[in-house]
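Below is one structure, written out as C-alpha cells; comments come after it.
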Amino acid sequence: IEIYSLHVDCKVTSRFAHTVITSRIVNRANESREATFEVELPKTAFITNFSMSIDGEVYPGIIKEKAAAQNEYDTAVSQGQSAGLVKITDRKLEQFHVSVSIAAASKVTFELTYEELLKRQLGKYELLIKVRPKQLVKHFQIDVHIFEPQGIQFLETDSTFMTNELTEALTKVQNETKAHILFKPTLDQQKKNPELDETLLNGDFVVRYDVKREATAGDIQIVNGYFVHYFAPQEMPVFPKNVIFVIDRSGSMTGRKIEQTRDALLKILQDLRHEDHFSFITFNNKVVEWKSSLLPATEENVASAAALVQTLTARGGTHIGGALLAAVGVLQKAEGLPQRSVSMIILLTDGQPTSGERNVEVIQENVQKAINGKYALFCLGFGFDVSYKFLEKMALSNGGIARRIYENADAALQLQGFFQEVATPILMQIEMQYPENSIEGLTKKNFKLFFEGSEIVVSGKISNELDLLPVEIKAQSHMSNLTLKEEANVKEKEQVFQNQRYVFGNFIERLWAYLNIQQLLEEVISAQEEDQKALEAQALDLSLQYSFVTPLTSMVVTKPQQQEELANKPIEAG
C-alpha cells in the first residue's frame, strides 16, 4: 500500500481556518489490502466533511443527529461491522482514523475537511498541523494561505522535525495582508538517511502570527450580511490583582506533582507585580490559611511566601469546598486593597472532594452563592483523577475558566503558562453594543474580564439593509470608565473580501455558526438542568445546518458493501 500523494491545504481568512487533507493511495500488491487514512486534528476544530473515492465511486460522510446515527449504526454493528473513528490522542489533538479494503492495483482518495476559529493567546494565533505520514510520500505538500485584512504584524513557522535539508523545502511569501507558506519536501529530503526508507516527517508543523491593530474599538469585517467584530485593545494599564492560590496538598499530590507545583508557584510568585496583593490557602482534610489577610506583593512578602512553598508536602484527604469558602472569606474581609482591582481565586487540585462536603453539586452551589459574581474562579485540574466536569462547571459559573494540567515533564510550565494568560487583566465588565433592531443571532456580547494578549470576538447577522453598522463598547479600565465607538461602512467592508481567492464561501457565516455552537455548548455546562435542553437543541440545529461534527452530531461514513462507521467528536474524560 503506497501513499503516493498527501496534500494539506489550509486557508485562514480573518482567523477562521479551513483545512482540507487529501491522501491518495494505491494498492501495488496483487491481492486486496487495507488502506488507512489517519489525521490528527485540533480538539477545538469541527470536522465538516469527509469522503473517499475508490476507482471513481464516491462514498461521502453524512452528518446526522447523534441519537439517530447511533440507532442506524447499532443495526450495522449487530451485523458485525467495526467501531468509531475519532479518539483523543494528545492534549491538543484528536485522531480521525478510517480504513477500507481496496482491490489489487486499485486507488483510493480520502478527503477530510475541518474548520476552527484560531484563538489569540499571549499575543498570537497558532495554527497546528500534525504531520505523520508513516512512510515516504512522493508528492507531499502543505499549503497555508493566510489573509488578514487588518494586516499581518508578524508570522513565524516552527516544527518539531525540521532538519537543514527540510528547511530548503519550506518557502514563505508574505505582503501586508497575505501570506503563503509552502512545505514541499522531495523523497530524498524526507529520508532519515539515504539507505533507509524511513521518514523524518513526524511531529508538529506550527504557524504563529498576529495582526496589526489600529482602531481602538476593534475591527469589523462583513461578508454576505454576517459580521464579525474583533476587539483586542493594546498598551492599557494593568489592573492590580488580588489573588488567592488554593493549593491541594492531599496524599495523591505526593511526589512529582507536588514538586512541579512548588516549582511553578516559585516562578509565579516572581511574576506578581508590586501593586498586586496575594495569599495562599493549602488544603488536605484540613484547610490552612497562610495569613489571615491578603498581603502586598513586596519583595519581603514574596520571599516569605516562597519559603512556605518550599515546605509544601502532600498527605491526607481533599477538602475542596472548605478551602474555596475560606478563600472567599479572605477576599470578603480584605481591607486596603486598590479601589479598582481584580480579585481572583486560583484552585489547583488533582482529586475529588473526600473530606468535608463531598457532594459536588452542593459545593458548586455554596461556592457560587459565596462568590456572588464578585470574584473570578479559575480551576486547574491536575491529571485524570479529577472530576473535570465539576471544576469546569464551577469555573464557568463564576466568571473563570478551567484547564487540565497534564502529568508530564512540563507540568510546571503548563501551570506558569496558565498564570501568564490571566496575569494581566486590562478591562472588566465589557459590554459590546450593537443596534438592536438591525442585528440578530448575536453571539455572547458581555464579558467579565479581558486579559492582555487575548481577544474578544462577537459575531451576528445584519437583518436590515444597513449602510453603517455602529458599535459601542463600554468597559472599566484601571484608570476610568471607557466608552469606545466605531462605525463600519457595510458596502466598503463587503468589498474587502470580494476578489480574494483565499475566501471560502460564506466564511463569516460559518465562523458565526462555529462560535455560536462553541458558546452554546459552554453555556450548557453551567446552565440549570431545565435550560440545558433548549441550549442543546439550538446547538444541534446549527451543527446540522452547517454540517459540523460536534458533541451532538455524528458523521456516518459509508463504505463499499454497504458497511457503515461512525465519526463522533470525542468528549474529554469527566
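The values are calculated or read from the model by the stated rules, or taken from the named source; none is laboratory data. Not measured: the values here are computed from a predicted model. Cβ: placed from backbone, ideal geometry, glycine included. Neighbour counts: every protein chain shown. Just so you know, the surface numbers come from the protein's heavy atoms only, side chains and all, with ligands and any DNA or RNA stripped out. Shrake-Rupley method; radii C 1.70, N 1.55, O 1.52, S 1.80 Å.
DSSP finds beta bridges in the chain, and of those with both partners inside it, around 80 percent are antiparallel. The Cα center of the range 18-41 and the Cα center of the range 256-308 differ in position by 53 Å.
Rounded if a/c is under 1.5, else prolate if a/b beats b/c, else oblate: with a ≥ b ≥ c from the C-alpha gyration tensor eigenvalues square-rooted, which is the range 292-370?
Oblate.
Translational diffusion of the range 530-574 was estimated from the Stokes-Einstein equation, with Rh taken as the Kirkwood radius over Cα pairs; at 20 °C and 1.002 mPa s the coefficient is 177 µm²/s.
With the Cα gyration tensor of the range 185-338 giving a ≥ b ≥ c as the square roots of its eigenvalues, does the rule (a/c under 1.5 for rounded; else a/b larger than b/c for prolate; else oblate) give rounded, prolate or oblate? It is oblate, given that a/c is not under 1.5 and a/b is not larger than b/c.
Taking all protein chains together and a 1.4 Å probe, the residues Trp512, Trp290 rank Trp290, Trp512 from largest to smallest accessible area. Charge tally for Val490 (other residues, Cβ to Cβ under 14 Å; Lys, Arg +1; Asp, Glu -1): -3.
What does the net charge come to around Ile152 if you take all other residues with beta carbon closer than 10 Å to its beta carbon, with K and R at +1 and D and E at -1?
Here the charged neighbours net out to -1.
Measuring nothing but how far apart in sequence close Cα pairs (under 8 Å, 6+ apart) lie, relative to its length, the chain scores a relative contact order of 18 percent. Based on the alpha-carbon gyration tensor of the range 42-179 and its eigenvalue square roots a ≥ b ≥ c, which shape applies: rounded if a/c is under 1.5, prolate if not and a/b is larger than b/c, or oblate? It is prolate, given that a/c is not under 1.5 and a/b is the larger ratio.
Taking every DSSP helix (H) stretch of at least 4 residues in the chain, weighting each as -39,500 (n - 2.57) and dividing the sum by the residue count yields a mean residue ellipticity at 222 nm of -7500 deg cm²/dmol. Expressed as a rounded percentage, what relative contact order does the range 241-423 have, with Cα pairs under 8 Å and six or more residues apart? Worked out over the range 241-423, it gives 25 percent.
Shown for the chain are the DSSP H helices of 24 Å or more along their axis, judged by Cα atoms, with a mean Kyte-Doolittle hydropathy of at least 0.0: 507-526. Each principal axis of the Cα cloud of the chain was taken in turn, and the coordinate range along them, longest first, works out to 78, 60, 54 Å. Using alpha carbons only, what's the Rg to Rh ratio of the range 241-423 with Rh from Kirkwood? Computed over Cα atoms, the ratio is 0.92. For the range 1-154, the number of Lys pairs with C-alpha atoms closer than 18 Å, counting only pairs eight or more positions apart or on separate chains, is 14. Out of every Cα-Cα pair that the range 1-77 contains, those further apart than 15 angstrom amount to 71 percent. Taking the 1.4 Å solvent-accessible surface of the range 208-319 as the whole, the part contributed by carbon and sulfur is 47%.
For Lys559, a cut-off of 17 angstrom between C-alpha atoms picks up these aspartates and glutamates, skipping any fewer than 8 places away in its own chain: Glu34, Glu38, Asp55, Glu57, Glu72, Asp74, Glu111.
Note that the chain presents 44 Å² accessible area per residue, ligands and nucleic acids not counted, probe 1.4 Å.
Summing +1 for each Lys or Arg and -1 for each Asp or Glu, what net charge is found among the other residues whose Cβ lies under 15 Å from the Cβ of Met253?
Here the charged neighbours net out to 0.
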